[in-house]
2 protein chains.
Amino acid sequence: MERFNVKKNSKQAIAKCLERPIQKSADIMNLVKPIVEKVQNEGNKALLELTAKFDRVTLEDPVLFAPYPESMMQITPDIKKAIDISFENIRIFHEAQNQKDTLTVETCPGVKCSRFARPIEKVGCYIPGGTAVLPSTTLMLSVPALVAGCKEIVFASPPGKDGKLTPEVVYVAHKVGAKCIVLAGGAQAVAAMAYGTETIPKVDKIMGPGNQFVTAAKMLVSNDSNAMCAIDMPAGPSEVLVIADKFADPDFVASDLLSQAEHGIDSQVILITVGMTREEIDKIDVAVHEQALVLPRVDIVRQCIAHSYTIEVDTYEEAFKMSNDYAPEHLILQIEDAESYVDKVDHAGSIFVGSYSPESCGDYSSGTNHTLPTYGYARMYSGVNTATFQKFITSQVVTPLGLQSIGKAVMDLAEVEGLDAHRNAVKIRMEKLGYI
Amino acid sequence: MERFNVKKNSKQAIAKCLERPIQKSADIMNLVKPIVEKVQNEGNKALLELTAKFDRVTLEDPVLFAPYPESMMQITPDIKKAIDISFENIRIFHEAQNQKDTLTVETCPGVKCSRFARPIEKVGCYIPGGTAVLPSTTLMLSVPALVAGCKEIVFASPPGKDGKLTPEVVYVAHKVGAKCIVLAGGAQAVAAMAYGTETIPKVDKIMGPGNQFVTAAKMLVSNDSNAMCAIDMPAGPSEVLVIADKFADPDFVASDLLSQAEHGIDSQVILITVGMTREEIDKIDVAVHEQALVLPRVDIVRQCIAHSYTIEVDTYEEAFKMSNDYAPEHLILQIEDAESYVDKVDHAGSIFVGSYSPESCGDYSSGTNHTLPTYGYARMYSGVNTATFQKFITSQVVTPLGLQSIGKAVMDLAEVEGLDAHRNAVKIRMEKLGYI
């Protein structure tokens, strides 16, 4: 990995390491728009055509409804156990986030304001295909939906070359009680869930990562008031920032860098070393090289590492400032007393704290969600969480005493804004109560 | 108001009452795009030109920085008190929502998952102009930002014909410590905050209602990864749905219908009456007529009421089903024992419960937020709240014991997904620990 040093290299050079590649969203939009419109207009027929075209699979029916046949979820006992353990940890962590109680506050005498969560009724979980179908994403999207109490969970996942769904995906669909699985990927799958078709139910919100086409389609439908469909967040290539010091095990650091690198050649991998000597950093590079050699995806990994950087800084403050400026999707802390530094993190998707917390634990089984903001969007977006599948409604009860507390204020402000009927709605009540 | 009855009119006719007018977003987008690009490319110069063109005001400088001169916030003691009361109630309710503590759960032995809030650093509050500048919106956007701990609050509000800002807006900017006020409205104000200019700071997220141009600009910038700017939600014309029964005071119901109607001719006003006689409903119509006569905005109100509907139903169940299908921005319950019905609400922005809780209380002073989802988006969006100004970061600490708990599951799932480096990151640790 190319090395930079805050004392030896210019600020511009360092800044360049932390720059993300520019995304050309307009071009993609022009490709995606006709696909989305085709599905919106022609429904299942379009979906089957597009799946034949893009996935080279001819299907009879683009959707599979529950109950799912046992034959479609044949998985090994080990994998079943792995899914069950992950499911349970994700459930526990997202259940803990679930705000079940109504929050009620008397803001002033006789004015009671409340706030409570309600599930989003129908949700779509997009499980990407590509280099590998990811059953883990199925868990990350549908378990919080289950915890939130969504009434209808719809999956979409591209079929394999044999026209079949990944059995692990079907098993999770069964476990969470998903209503159906749309056998499609890309923009066409997003459109099918956003607008619905003859048989596919229209959903209220679509969650899940995906390539540029999926992201563009999600943006399109979320901006179309005819779709009436929200999305979780914009998605971009995955990324990791590792902060390491001399107490870090070079093998562990290397393994974390590589597990990000194998996601794809457009993944971003950044290592910030704090007060480490050249020799200490060399050990990490050697470990990266050695571990990469035995990986099946060694070619992807090599291409990714070629545009990855090591940045040497002297202090933890510098490291965390740099990390906060970058706002990484994944932040790994391989430093002494790592837990005490979590407070310094202002922007990140998810943090992996200490030697024995590799990113892959969070990707699968620790309980945190792996659908996280990328491309710097961690500055303003949260990862997928229980509230992603809910909305919050407020309510207020104002008593006659309450009108005494705030009635005049309401009338005065309505007058300033020239909204006489607003003023009158309070005035008429206060008059009948004999207050004015 | 035109009347429909679920027993006498067809389902189609009833459904038509609850239909929202179709929004043509593509046309607006084409108008807004060059405006946004002009500000992005030319900064303050473009902003001044566009304000001269659209607001017919020639300014020297498009931005006013704190500290704000006393002379610009001259307001009456009554208005100052009204703002202070509203400010405090909004602060109390949004402070109660503020999740300050880190949530920590041990999902299984040795695996500790946490979640905590961080403020979004720089936020933009858009305060619309139009028929009236609304100081109340200033409060609704900036008080939660203050509670959330945002470091930089930027206001944007179109100047009046005299080139001056509404003094109430400046007073609130002073109270919340806003860094500056952009003297502009429309798409150009959104662009200035999203991209920043020579002097206007770029923000991370833009909140606030606005007309179609503002909404289109918000959507544009939220989809542009060069802007890196989130938005609160899509906005549409304001709307109210009132459920009334024979226990409702016809004068109160009329005043609530009218206070929505005066917002604009595109406002939607729907009244659902439960088991009321023709004569009882007549009384509401008479009250609407009489109250409207004395309103300064009587013309707007009349045009709005002309396309508003009364729908007669027999049961509360029917009323709430209809309301949930419509998903109103504002839901007013003028029925006996109204509080007991809040549980039946699945989709709404904010609920106004009982005889003495007119919508205008929530618009100004009760403490709930008045920036709410419209156009049916209450199905999946929350109104503006404290979390709108925050994002949540997760973190995890896995100990050696934790790796024993989940290590095998992680490795098995990584293998299924063909992600060998992910598997290796756990394997290498478990080997060094002597677990495998």
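The values are calculated or read from the model by the stated rules, or taken from the named source; none is laboratory data. Quick caveat: nothing in here was measured; it's all calculated off a predicted structure. Reconstructed Cβ throughout: ideal geometry from the backbone, glycine too, with neighbour counts over all protein chains shown. The area values use the complete protein model at the heavy-atom level, side chains included, leaving out ligands, DNA and RNA. Shrake-Rupley method; radii C 1.70, N 1.55, O 1.52, S 1.80 Å.
For the residue pairs A:Lys100/A:Lys151; A:Lys344/B:Lys151; A:Lys100/B:Lys218; A:Lys100/A:Lys179, the C-alpha atoms sit more than 21 angstrom apart in A:Lys100/B:Lys218; A:Lys100/A:Lys179.
Once C-alpha pairs closer than 8 Å and six or more residues apart are averaged by separation and normalised to the residue number of chain A, the relative contact order reads 20 percent.
The distance linking the stretch A:37-74 with the stretch A:303-317 is 44 Å (Cα centroid to Cα centroid, whole angstrom). For the chain pair B and A, the buried solvent-accessible surface (1.4 Å probe, both sides summed) amounts to about 11100 Å². Annotation note: trypsin sites (Lys or Arg not before Pro) in the stretch B:38-73 located in DSSP loop regions with a Cβ neighbour count of at most 16 within 10 Å are B:Arg56.
Bridge orientation summary for chain A: considering DSSP beta bridges with both residues in this region, about 30 percent are antiparallel.
Using a simple spin-label model with pseudo-atoms 7 Å out from Cα toward Cβ, A:Glu317 and B:Ile265 lie 6.2 nm apart.
Computed from label points 7 Å out along Cα-Cβ, the spacing between B:Ala15 and B:Glu70 is 6.4 nm. A straight line joining the Cα centroids of the stretch A:140-201 and the stretch B:216-268 runs 33 Å.
Counting only protein heavy atoms, what percent of the accessible surface of the stretch B:325-436 is carbon or sulfur at a 1.4 Å probe?
Details: 1250 of 2830 Å².
Heavy-atom surface of the stretch B:325-436 belonging to carbon and sulfur, 1.4 Å probe: 44 percent.
Here the extension length gained between A:Asp61 and A:Gln404 equals 117.2 nm, from 0.36 nm per residue of separation less the Cα-Cα distance.
With runs of 4+ DSSP H residues as the only contributors, calculate the mean residue ellipticity of chain B at 222 nm using -39,500 (n - 2.57) per run, divided by the residue total and rounded to the nearest 500.
Numbers: 15 runs with 186 residues, N = 436.
So the helix-based figure for chain B works out to -13500 deg cm²/dmol.
Sorted from greatest to least, the principal axis extents spanned by the alpha carbons of the stretch A:228-273 come out as 52, 19, 13 Å. Which residue, chosen from A:Ser355, A:Asn324, A:Tyr341, occupies the Cα position most advanced towards the positive end of the dipole of chain A, where the dipole is computed from +1 (Lys, Arg) and -1 (Asp, Glu) charges on Cβ about the Cα centre? Result: A:Asn324, furthest along the dipole toward the positive end. Considering only B:Val410, B:Val111, B:Val384, the mean-square fluctuation computed in a Gaussian network model of chain B, springs between alpha carbons under 10 angstrom, is largest for B:Val410. Between copies, B:Thr315 shows label-point distances of 7.0 nm, shortest first, with the point placed 7 angstrom from Cα along Cα to C-beta.
Using the crude model of +1 on Lys and Arg Cβ and -1 on Asp and Glu Cβ, and no other charge, please compute the dipole size for chain B relative to its Cα centre, in debye to 20. The partial results should precede the final answer.
Working: 42 positive and 55 negative charges, 325 e Å.
Rounded to the nearest 20 debye, it is 1560 debye.
Relative to the longest principal Cα axis of chain B, at what angle does helix B:400-416 sit, 0 to 90 degrees, rounded to 10? That works out to roughly 80 degrees. Using alpha carbons only, how many angstrom separate the centre of the stretch A:406-421 from the centre of the stretch A:97-132? Going from one Cα centre to the other spans 31 Å. Dipole size of the protein assembly as shown about its Cα centre, with +1 on Lys/Arg Cβ and -1 on Asp/Glu Cβ: approximately 740 debye, rounded to the nearest 20.
The residue list A:Ala13, B:Thr137, B:Gly124 was ranked by how far each Cα lies along the charge dipole of the protein assembly as shown toward its positive end, using unit charges on Cβ atoms, and A:Ala13 comes out on top.
Only bridges whose two residues both fall in the protein assembly as shown count here: according to DSSP, what percent of them are antiparallel, nearest 5?
Details: 34 of 116 bridges.
Around 30 percent antiparallel, to the nearest 5.
In nanometers and ordered shortest first, the copy-to-copy spacing of the A:Asp27 label point, defined 7 Å from Cα toward Cβ, is 3.3. Between 0 and 90 degrees, the angle of helix A:44-54 with respect to the longest Cα principal axis of chain A falls at about 20 degrees. Annotation: extensible slack from B:Lys164 through B:His289 equals 41.3 nm (criterion: 0.36 nm per residue apart, minus Cα-Cα distance). Between copies, the label points at B:Thr76 (set 7 angstrom from Cα along Cα-to-Cβ) are spaced 7.9 nm, reported in nanometres from shortest to longest.
Projecting the Cα atoms of A:Pro237, B:Ala46, B:Gly210 onto the charge dipole of the protein assembly as shown, computed from C-beta unit charges around the Cα centre, puts B:Ala46 farthest toward the positive end.
Summing +1 for each Lys or Arg and -1 for each Asp or Glu among the other residues whose beta-carbon sits under 13 angstrom from that of B:Val105 gives -1. Relative to the longest principal axis of the Cα atoms of chain B, the long axis of helix B:186-195 lies at roughly 10 degrees.
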